[in-house]
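Take a look at the structure below.
The values are calculated or read from the model by the stated rules, or taken from the named source; none is laboratory data. Being a predicted model, the structure only gives us computed values, none of them experimental. Here Cβ is always computed from backbone atoms with ideal geometry, including for glycine, and neighbour counts include all displayed protein chains.
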Amino acid sequence: MDERAQGRHRVVVVGAGFGGLFATKALKNAPVEVTLINGTAHHLFQPLLYQVATGILSEGEIAPPIREILKRQKNAKVLLGTVTEVDPEARTVTAVAPGASYTVEYDSLIVAAGASQSYFGNDRFAEHAPGMKSIDDALELRGRIFGAFELAELETDPAAIERWLTFVVVGAGPTGVEMAGQIAELAHRHLPGQYRNIDPKQARIILIDALDTVLSSFGDHLSTKALRQLHTMGVEVELGTKVVDVDETGIEVETRNGHQRIESMTKIWAAGVAAPSLSTQLAKATGASTDRAGRLEVNPDCTVPGHPEIFAIGDMMSLDRLPGVAQVAIQSGRHAAGQIKQRLAGQPTGQPFKYFDKGSMATISRFSAVASVGKLHFSGVIGWLMWLAVHLLYLVGFKNRVTAVLHWFVSFIGRGRSERVATFQQVFARRALQEYRQHLP
């Protein structure tokens with residue numbers, strides 16, 4: 001029997017990131033039927049992807065199964081699929097999965113499809129400089145990083161060894177700073193003594209950004225502290241440097257001193273984000289505008305203009321210059337769920353979304369982080385303890401918290417890395433995945 005005829009309000013949630021997952025959980029006791037559609041079967045704690053890439057955590061610790069998270073929520077069901085089209089007139093979404101495509105009807109729609117990596121119009125860079133947006137990306141980077149040391153061990157040509165032991169990270173935001181710091185820790189603290197023909201301490205870690213500061217959103221005080229700590233760790237920070245080309249064996253940059261080439265076999269892209277293709281499709285279907293990054297410009301209550309039944313949240317929305325961080329996604333997801341519940345209860349809706357900024361933080365090395373909470377700034381060990389507490393709080397599931405703590409103990413107190421397994425499949429599967437996606441309907 002049709003659920004609408006039974007009075008069951010159908011909510012479709014697109015995406016199981018922070019926004020989609022917290023919106024779904026906020027509807028647990030509402031008189032609705034929730035269908036959560038996601039391209040993978042797991043929720044991803046994206047801020048810790050760099051720790052998977054550098055061998056600290058396993059992918060399972062930051063990517064718990066969605067079905068396990070929602071198993072006690074009886075009004076929610078989970079479907080695997082990538083939503084490719086929204087039809088606002090018919091109130092349907094169309095999704096594709098391996099060997100299947102399907103359509104789901106909705107009464108209310110929450111679009112939380114996240115963001116994709118932006119190469120600023122140079123998508124060809126992705127082949128040689130993977131981003132950091134998925135488990136696949138993190139595992140590929142793990143293979144490339146640890147594989148670089150292994151292949152350097154086999155070389156006899158000093159120039160080839162130097163090329164393998166040069167790591168370039170593009171983007172000096174939190175992800176780039178954290179990645180550069182962990183590669184430096186690997187080279188200078190964890191790997192020395194394990195090789196016979198090379199000295200991992202000779203590795204060069206270069207952090208590049210077109211801006212003139214690292215962690216530019218943290219303010220001058222914390223930015224300066226982060227830069228000083230990076231230099232102490234041996235990270236070469238090249239600011240005011242724009243990437244103009246990337247190939248298999250190096251990267252071309254424009255600096256204040258002119259054009260330069262950096263020979264490097266391992267490049268990591270941590271600069272820039274863009275809205276997913278679904279944002280463009282939804283904008284055309286609804287007549288909504290998008291910002292420069294392709295995000296939907298929404299009403300103050302997170303609804304798409306002209307469509308009060310459609311909410312765009314998190315990285316999908318452009319509103320009041322809010323940053324693309326987890327807290328914006330979480331809070332906007334809860335706001336959208338609250339609006340739906342108020343509407344069903346016959347209460348007034350349209351209240352503007354009010355973001356409560358809980359601060360920003362980034363780790364640089366073990367026992368060293370920077371944290372900005374309102375007007376308060378913390379760095380060093382205090383900042384690191386704050387970072388530890390916050391990330392444990394938002395890791396989904398008790399099991400994930402316990403195992404993460406154990407692995408952090410091994411990595412930060414000892415000199416080991418619990419997850420150093422890397423396979424050829426992880427490194428070379430990108431092309432197969434690209435070919436697969438090209439054949440999707």
Item to complete: Could you please give the count of residues in the range 290-311 that are closer than 20 Å to V93 by Cα and exposed (fewer than 15 other Cβ atoms within 10 Å of the Cβ)?
Response: 2
Worksheet item: touching a Phe, Trp or Tyr at 6+ places or on another chain (Cβ under 8 Å), aliphatic (A, V, I, L, M), assigned to a helix (DSSP H, G or I) and closer than 29 Å to R292 by Cα, is that true of A152?
Response: no
Worksheet item: Looking at the range 340-361, which of the residues that are in contact (Cβ under 8 Å) with a residue 40 or more places away in the chain and in a loop (DSSP other than H, G, I, E, B) is surrounded by the most Cβ atoms within 10 Å (Cβ to Cβ)?
Response: F353
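Which one of these is crowded, with 21+ Cβ neighbours inside 10 Å, in contact (Cβ under 8 Å) with a residue 60 or more places away in the chain and out of contact with any strand residue (DSSP E or B) (no Cβ under 9 Å at 6 or more places or on another chain): A270, A329, A275, A337?
From the options A270, A329, A275, A337, the qualifying one is A329.
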Practice prompt. Could you give me the residue pairs with C-beta distances under 9 Å whose first residue belongs to the range 136-165 and is not assigned by TED's automatic domain parsing to the domain that holds K267, whose second residue is crowded, with 17+ Cβ neighbours inside 10 Å wherever it lies, and which are 6+ apart or on separate chains?
Written response: none
Worksheet item: Which one of S368, S379, S372, S411 is surrounded by 14 or more Cβ atoms within 10 Å (Cβ to Cβ), over 25 Å from Q327 (Cβ atoms) and of a type in the set (S, T, Y)?
Response: S411
Fill in: Verdict on V86 being crowded, with 22+ Cβ neighbours inside 10 Å, in contact (Cβ under 8 Å) with a residue 60 or more places away in the chain and over 23 Å from the mean Cα position of the chain (by Cα)
yes
Worksheet item: Does any residue of the range 42-49 turn out to be at pLDDT 95 or above, surrounded by fewer than 21 Cβ atoms within 10 Å (Cβ to Cβ) and in contact with a strand residue (DSSP E or B) (Cβ under 8 Å, 6 or more places away or on another chain)?
Response: yes
Worksheet item: Do you know which residues across the range 185-224 are hydrophobic (A, V, I, L, M, F, W, C), closer than 30 Å to L376 by Cα and surrounded by 23 or more Cβ atoms within 10 Å (Cβ to Cβ)?
Response: L207, I208, V214, L215, F218, L222
Discussion item. With the structure loaded, tell me whether G314 is on the phi > 0 side of the Ramachandran plot and surrounded by 21 or more Cβ atoms within 10 Å (Cβ to Cβ) or whether it fails that test.
Written reply: yes
Worksheet item: When the range 103-149 is examined, which residues are found to be assigned to a helix (DSSP H, G or I) and of a type in the set (F, W, Y)?
Response: F125, F146, F149
Worksheet entry | Cross-chain or 6+ apart pairs with Cβ under 8 Å, the range 378-392 first and part of a strand (DSSP E or B), then charged (D, E, K, R) and surrounded by 14 or more Cβ atoms within 10 Å (Cβ to Cβ) | S379/K225
Worksheet item: Can R124 be described as among the basic types (K, R) and in contact with a Lys or Arg (Cβ under 9 Å, 6 or more places away or on another chain)?
Response: no
